[in-house]
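What follows is a short report on a single structure.
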Amino acid sequence: SEPGLIAFQATNGHKAVTGRIGFSPILGLEVGTSVYNGRINLVGEDPRSVTMLFYDASYRRGPWTFAAEYARTNIVGGIPRQSPAPPVFDPLFPDTVAALAGYVAATTPGQDGYYVEGAYNFHPGFMRRSFDEGAYIAPVVRFEGIRRDRTLSDFYLNERRTTLGVNIAPSTSVIFKLNYVFNSLQGKAPNITGPFGGADFGNNPIPFLGYGRNGFTGSVAYVF
């Protein structure tokens, strides 16, 4: 497909390097670490690279499953190691809105994030009889956090989330997920209306109205 529409094409002529090492000391437990390193600058720009480190673990015993992961990125090349404080924002002054938008859109020195999740799988007889031998229902609890700029402790794009949910799998390949999420921002989000308050988060880095609120989510997963 045409690059820039629904596909992307590397333009800096450098290959990325990635790999993972996993270790399973006992049955049901696996721990691992992985790394990614590659250039992220466009042709003609000053060299800039990103290194990503991941540490993961999973454990399964009977109906219990646990999983956790921590990830950290470091971006170097033409950017400060510590981000400056966010600019002063006043919704009555458009220049401060533009300054905040530019600040959020700028490349940060790095991000990090984590999640810890636990689930318990029930295998009701009525689901096995009506659907599939591997059908199950699983309550799920998940704690996670992300810092989109890990050098700032009270930035509103850094957030924590607690998810209470249930997975309903009529077969081992199809999973319906229903959740309620509790969000907690690590800084006060600006209250912006008008063109800066839309949901076009990818094009407009100012959060949409209602960003950070609690609410229900739902999804369907297909495992293959």
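Data overview
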| item | result |
| --- | --- |
| Heavy-atom accessible surface of the chain: percent carbon and sulfur, 1.4 Å | 60 |
| Net charge over other residues, Cβ less than 14 angstrom from the Cβ of Glu69 (K, R count +1; D, E count -1) | -2 |
| Solvent-accessible area per residue for segment 1-134 (1.4 angstrom probe, square angstrom) | 69 |
| Order of exposure, largest accessible area first, which applies to Phe126, Phe54, Phe216, Phe224 with probe 1.4 Å | Phe224, Phe216, Phe126, Phe54 |
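The values are calculated or read from the model by the stated rules, or taken from the named source; none is laboratory data. Being a predicted model, the structure only gives us computed values, none of them experimental. Don't worry about glycine lacking a Cβ; one is built from the backbone with ideal geometry, like all the others, and counts go over all protein chains shown. These accessible areas exclude ligands, DNA and RNA; they are computed on the full protein's heavy atoms, side chains included. Shrake-Rupley method; radii C 1.70, N 1.55, O 1.52, S 1.80 Å.
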